[in-house]
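Visitor: Below are the structure tokens for one structure; questions will follow.
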Amino acid sequence: MSGNPESPRLPPGQQLVAADKWPLVGERTPADTGEPWTLTVAGRVRQSVVWDLSQLAELPATKVATDIHCVTRWSKLDVAFQGVLLAELLQRCEVLEGARYVSFVARSARQHSSSLPLAEALSLGTLIATSADDRPLSREHGGPVRVVVPGKYFYKSVKWLQRIELLEADRLGYWESAAGYHNQADPWLEQRFVAASISKREAARLIERRDISHMDLLSFDASGHELPHLRARGAVLRNADFSNCNLNSADFRGANLSNARFRAAQLANANFNGADLEGVDFSQADLRGADLTDCSLFGTSFGQFDPQQDALVLVAKIDTSTKLEPQQLESLTIPQRDFVVRALRR
Ligand SMILES: Nc1nc2c(c(=O)[nH]1)N[C@H]1C(S)=C(S)[C@@H](COP(=O)(O)O)O[C@H]1N2
Ligand SMILES: [Mo]
């Protein structure tokens, strides 16, 4: 496999966030139940076991330095998580024969969850973490208790853990079923998404119509098409491919474009206002006159990093007519930010 030019420790297609940045992804807060925090192990166990936070703190603690790899293409290396190994916790439960999967469930409004084969969760050293970098986990990052699964995309690491369910058959997690995220989630194999949600023929029909507003089209492939003035307002287009498209004056307002590819696309005067652009690839795209205000830009690329030149190559066309607010650039990686800051002055 070809390595990542930024660092051999970075899986393909990932880039490092600035050292002092830890992006917030997904839900922002746990559900406010007013009840004291407890963690329950249930399902295929002889008897459910419940821990409160002080009991959890008495279990043998482990510290692991983990690399975070988010599916939206940002990574953060060497975060020191501390907590109790899942293996330690399960040693204190009578796990039954048929337990083959483990589902982690959050105390959150949508009862967020994610699952893994039990044997894999154990062999990866899954941690029930209560602190990061020697500080208690902040609320928005999953405090007081979150899961940390080393070696998987971070969507397997559920925040605000309240239940661990041991299951005989797998139960797809929230992102895995709602967003088409890959259930295996190996960043080294780029297992980001499952296949497209519609057939090639259906895609061709939509391309002809030039209106996909408010549609939900995972992994939509429109690459190479003439789509000026495309109407895509509010569409869910995760992992879509718009490379080499003519999308001048297209309307992507409020669309979810996370991980979409716009390589060498013509996007002059396109409107992305309020869209989710996390993990989007705009290499060599023409973004003159495009409106990127109010968009989330974590993991967004405007070019490819070349370590020999220590600079971005295959960069997007950006100039003073491209609409971007200075505070949005905070979420970009350093080489991306440096490029965009300079380009916006031209
Ligand atoms: N409860 C809950 N846990 C969650 C999510 C979520 O939306 N809700 N999002 C997942 C995703 S996609 C990622 S990348 C990480 C983000 O964790 P962070 O916000 O601490 O960076 O949490 C994961 N765990
Ligand atoms: Mo994620």
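The values are calculated or read from the model by the stated rules, or taken from the named source; none is laboratory data. What you see is a predicted model, and the numbers here were worked out from it, not measured in a lab. Quick reminder, even Gly has a Cβ in these numbers, built from the backbone with ideal geometry, and neighbours come from all protein chains shown. Accessible surface areas use protein heavy atoms only, side chains included; no ligands, DNA or RNA. Shrake-Rupley method; radii C 1.70, N 1.55, O 1.52, S 1.80 Å.
Visitor: Looking at the range 186-196, can you tell me whether even one residue there is within 14 Å of ligand 1 (Cβ to nearest atom), closer than 28 Å to A255 by Cβ, open to solvent by 50 Å² or more (accessible area, probe 1.4 Å) and modelled with pLDDT of 95 or more?
Guide: no
Visitor: In this structure, is N259 open to solvent by 30 Å² or more (accessible area, probe 1.4 Å) and under 21 Å from A240 (Cβ atoms)?
Guide: Here the answer is no, as N259 does not meet what is asked.
Visitor: Residue check: is V95 more than 28 Å from N259 (Cα to Cα) and in contact (Cβ under 8 Å) with a residue 60 or more places away in the chain?
Guide: yes
Visitor: Examine the range 65-77 for a residue that is open to solvent by less than 40 Å² (accessible area, probe 1.4 Å), outside any helix (DSSP H, G or I), more than 16 Å from ligand 2 (Cβ to nearest atom) and out of contact with any Phe, Trp or Tyr (no Cβ under 7 Å at 6 or more places or on another chain), and state whether such a residue exists.
Guide: no
Visitor: Surrounded by 12 or more Cβ atoms within 10 Å (Cβ to Cβ) and part of a loop (DSSP other than H, G, I, E, B), is that true of E6? Walk me through it before giving the result.
Guide: Values: surrounded by 12 or more Cβ atoms within 10 Å (Cβ to Cβ): yes; part of a loop (DSSP other than H, G, I, E, B): yes.
Against the criterion (surrounded by 12 or more Cβ atoms within 10 Å (Cβ to Cβ) and part of a loop (DSSP other than H, G, I, E, B)), E6 qualifies.
Visitor: Still on this structure, I have one more. Which pairs do you get when a residue that is within 15 Å of L161 (Cα to Cα), found in the range 40-55, comes within reach of a residue that is charged (D, E, K, R) and surrounded by fewer than 16 Cβ atoms within 10 Å (Cβ to Cβ), reach meaning Cβ atoms under 8 angstrom, with the pair 6+ apart or on two chains?
Guide: V49/R92
Visitor: Right, another one. Evaluate the range 297-306: report whether one residue or more is at pLDDT 95 or above, surrounded by fewer than 21 Cβ atoms within 10 Å (Cβ to Cβ) and part of a loop (DSSP other than H, G, I, E, B).
Guide: no
Visitor: Still on this structure, I have one more. Give the range 264-289 a look and list any residue that's assigned to a loop (DSSP other than H, G, I, E, B), buried (at least 24 other Cβ atoms within 10 Å of the Cβ) and of a type outside the set (V, I, T), or say none.
Guide: Listed by number, the residues that qualify are A265, L267, A270, F272, A275, L277, E278, G279, F282, A285, L287.
Visitor: Considering only residues of the range 107-147 that are under 22 Å from P60 (Cα atoms) and near ligand 1 (Cβ under 10 Å from one of its atoms), which is most open to solvent (accessible area, probe 1.4 Å)?
Guide: Of the residues in the range 107-147, the ones under 22 Å from P60 (Cα atoms) are 118-138, 142-147.
Restricting the remaining residues to those that are near ligand 1 (Cβ under 10 Å from one of its atoms) gives 132, 137-138, 142-143, 146-147.
Numbers: A132: 12, L137: 18, S138: 46, G142: 0, G143: 3, R146: 7, V147: 0 Å².
My answer is S138.
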